[in-house]
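I have placed the structure first, in the form of structure tokens, so that the comments after it can refer back to it.
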């Protein structure tokens, strides 16, 4: 049977009870008869075995290498760009 935890809203007393899933949840504190709330416990998950990582899958060919990441930035279209000043004869190299 599952174990459920409860916390009193008045005196903060915490207690656990083994109950069937079909049973009605406890509604009052065993110490002060105030309303109680069910405590939700975090669940631990453990992934065992293969198949959880990219490197767990064997490729059909040579060792697979990740594709290079390319980043693009938005820029103004080439037609709208400001042209660079033209080289003058005094600055141009021959």
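The values are calculated or read from the model by the stated rules, or taken from the named source; none is laboratory data. Source: prediction; values computed, not measured. So basically every Cβ, Gly included, is an ideal-geometry build from the backbone, and we count neighbours across all protein chains shown.
Going by the structure shown, is residue 48 surrounded by 10 or more Cβ atoms within 10 Å (Cβ to Cβ) and either within 32 Å of the chain's Cα centre (by Cα) or at pLDDT below 85 (or both)? Talk me through it step by step, then tell me what you get.
Working: surrounded by 10 or more Cβ atoms within 10 Å (Cβ to Cβ): no; either within 32 Å of the chain's Cα centre (by Cα) or at pLDDT below 85 (or both): yes.
Here the answer is no, as residue 48 does not meet what is asked.
May I ask you to list the residues in the stretch 9-24 that are touching a strand residue (DSSP E or B) at 6+ places or on another chain (Cβ under 6 Å) and in a loop (DSSP other than H, G, I, E, B)?
Answer for the stretch 9-24, where residues must be touching a strand residue (DSSP E or B) at 6+ places or on another chain (Cβ under 6 Å) and in a loop (DSSP other than H, G, I, E, B): 9, 19.
What's the total number of residues in the stretch 15-37 that are within 10 Å of residue 4 (Cα to Cα) and either surrounded by 11 or more Cβ atoms within 10 Å (Cβ to Cβ) or touching a residue at least 60 places away in the same chain (Cβ under 8 Å) (or both)?
Number satisfying all stated conditions: 6.
Residue under question is residue 65, and the condition is that it be surrounded by fewer than 10 Cβ atoms within 10 Å (Cβ to Cβ) and at pLDDT 70 or above; does it hold?
Against the criterion (surrounded by fewer than 10 Cβ atoms within 10 Å (Cβ to Cβ) and at pLDDT 70 or above), residue 65 does not qualify.
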